[in-house]
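Have a look at the structure below before the remarks.
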Amino acid sequence: MCGIVGIISDQQINQQIYDSLLLLQHRGQDSTGIATMEENVFHMHKSKGQVKEAYRTRDMRALKGNIGIGHVRYATSGAADREDEVQPFYVNAPYGITLVHNGNLTNTRQLEKELFSVDRRHTNSSSDTEMLLNVLATEIQAGVHGTSLSPEDIFKAVSSLHSRVEGSYAALALISGFGLLAFRDPYGIRPLILGRKVLDNGNKEWIVASESLVLENNDFDVVRDVLPGEAILISFEGEFFSKQCSLKNELFPCSFEYVYLARPDSIMNGISVYEARLRMGDYLANAIKKQINSGEIDVVMPIPDSSRPSAMQVARQLGVEYREGFFKNRYIGRTFIMPGQAQRKKSVRQKLNAMSSEFRQKNVLLVDDSIVRGTTSREIVNMAKLAGANKIFFTSAAPPIRYPHVYGINMPSKKELIAYNKSINEVENILAVNKLVYQETNDLERAILKNSNVKHLDMSCFNGQYVTGNITNEYLDWVESNYSS
């Protein structure tokens with residue numbers, strides 16, 4: 001999963017892009033990059049690591065221009081430790097294009113062959129983002145007649161891209177001499193939100209980002225979400241063009257955005273992440289009541305931070321005291337998006353500390369947002385026991401994750417999923433808890449979609465139903481065989 005932002009302004013844009021990436025840091029900590037455009041010249045800086053460590057004063061001064069794109073990444077495709085995988089990517093023809101991408105392409109094997117043998121294009125990394133850029137460049141090149149290129153030509157190129165590319169993608173591209181291009185896959189799996197600011201002189205500034213909090217923090221008004229299959233082109237002068245570029249388009253946003261990944265103060269696809277997580281707690285409380293006598297529970301505690309809204313509602317619905325038993329070290333990254341099981345396990349104790357006074361001789365109900373590999377959950381249960389807990393009940397605001405996620409969340413290997421091919425009782429025994437309660441799949445869907453105009457969600461990691469319809473067992477086996485944790 002990644003975070004992306006693009007801005008067109010009347011002023012130098014480097015600081016605004018940087019500040020926006022800080023707000024999106026929770027979406028990826030492997031690497032970051034910024035590209036700006038000064039007239040027809042691109043300036044770019046890319047680095048491994050987090051935003052605050054990646055850019056020095058001299059780097060920022062070199063990022064000149066009033067239009068730019070930025071990216072934070074954790075790897076779902078390509079290698080996490082290679083600098084040539086860091087976005088943005090660049091091609092010099094036609095005109096010059098830089099691109100950032102959030103998502104995961106699922107037909108990379110086919111695209112790799114087509115790009116080399118048919119399009120005569122070379123990719124220098126294993127990144128699907130570089131493939132996406134080269135497909136876009138190829139299709140724009142095909143529409144170039146003489147020296148002119150119109151918005152309609154660019155939209156036609158995006159339409160052709162939709163017909164060639166499979167999977168999830170929300171992308172931003174700078175096209176030299178033209179402006180900022182934003183487009184989203186025909187299912188809208190990954191989020192992309194458009195904002196606008198009207199200046200005192202009547203000019204307009206534009207922003208497109210993964211989450212609404214970026215728009216609000218930069219004092220932009222939220223206009224709307226980029227539609228599934230839609231492309232938006234904004235010129236240097238702020239002129240706005242848009243077109244639906246896919247004949248088949250229907251919104252299926254990723255449910256895991258609302259469970260874990262997005263910040264609670266964001267609104268995506270018209271759905272408040274915070275309110276969705278509160279409702280998850282309400283529905284989870286109903287499931288808990290059926291399986292655990294609330295008189296046995298002394299306190300309800302969240303596993304910080306994503307589960308806090310759900311835990312508060314669980315405590316309220318059960319009529320049990322809510323307490324904070326884990327203190328979080330803010331200077332350690334999110335363990336879920338750290339590459340490698342060994343690093344994830346090591347970081348849990350660095351990240352969380354159990355306060356003995358809150359656990360000693362108590363029956364504790366722990367609420368987590370989800371249980372993926374179980375690495376973090378096992379360590380947390382052990383920490384609660386060492387802190388003196390009498391009984392430990394463990395609950396998840398999400399259903400059992402039994403299937404790989406192939407649309408941009410780092411869950412490609414079913415063998416790493418703790419619930420894969422296991423009953424809830426078996427997972428309960430592995431975690432060594434007194435009782436394990438999961439959210440029901442239908443309740444999660446209801447919690448997210450309630451009071452919204454969204455009709456469907458991508459729930460593939462919970463139910464194995466892949467919304468793009470082209471995920472085969474052969475593909476899943478190939479992904480598994482090429483994945484290393």
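Values in this text are rule-based calculations from the coordinates and carry no lab data. Only a predicted model underlies this, so the values are computations on that prediction, with no experimental measurement involved. Cβ: placed from backbone, ideal geometry, glycine included. Neighbour counts: every protein chain shown.
The mean sequence distance of close C-alpha pairs (under 8 Å, at least 6 residues apart), as a share of the length of the chain, puts its relative contact order at 12 percent.
Taking the centroid of alpha carbons for each part, the stretch 193-218 and the stretch 383-446 are 39 Å apart. Over 23 Å apart at the Cα level, from the set 290/391; 248/415; 289/435; 197/450; 52/197; 289/328, are 248/415; 197/450; 52/197; 289/328.
Peptide packing for 219-229, 25-35 was compared via the average number of neighbouring C-beta atoms within 10 Å per residue; ordered from the highest value, the list is 25-35, 219-229.
Go through 189-195, 275-281 and give me the packing order, highest mean Cβ count within 10 Å leading. The partial results should precede the final answer.
On the way: 189-195: 25.6, 275-281: 24.0.
Per-residue mean Cβ counts within 10 Å order the peptides as 189-195, 275-281.
Note on residue 64: aspartates and glutamates with a C-alpha under 14 Å away, same-chain residues under 8 apart excluded, are 10, 38, 39. Rounded to the nearest whole Hz, the Karplus-based 3J(HN,Hα) values (6.51 cos²θ - 1.76 cosθ + 1.60, θ = phi - 60°) of the stretch 64-69 follow the sequence 8, x, 9, 9, x, 9, with x at glycine and proline. Scoring 149-158, 43-52 by mean Cβ neighbours within 10 Å over their residues and listing the highest first yields 149-158, 43-52.
Where only DSSP H runs of four or more residues are counted, the chain gives -9000 deg cm²/dmol as its mean residue ellipticity at 222 nm, each run worth -39500 (n - 2.57). Between the amide H of residue 437 and those of 394, 395, 396, distances stay under 5 Å, these residues lying 5 or more places away or on another chain, with hydrogens modeled in the peptide plane. Beta bridges assigned by DSSP with both partners in the chain are antiparallel in approximately 80 percent of cases. Counting only DSSP beta bridges with both residues in the stretch 275-457, the antiparallel share comes to about 20 percent. Shape call for the stretch 2-251 from the C-alpha gyration tensor, a ≥ b ≥ c root eigenvalues: rounded (a/c under 1.5), prolate (a/b greater than b/c) or oblate? Rounded shape, in that the Cα axes give a/c under 1.5.
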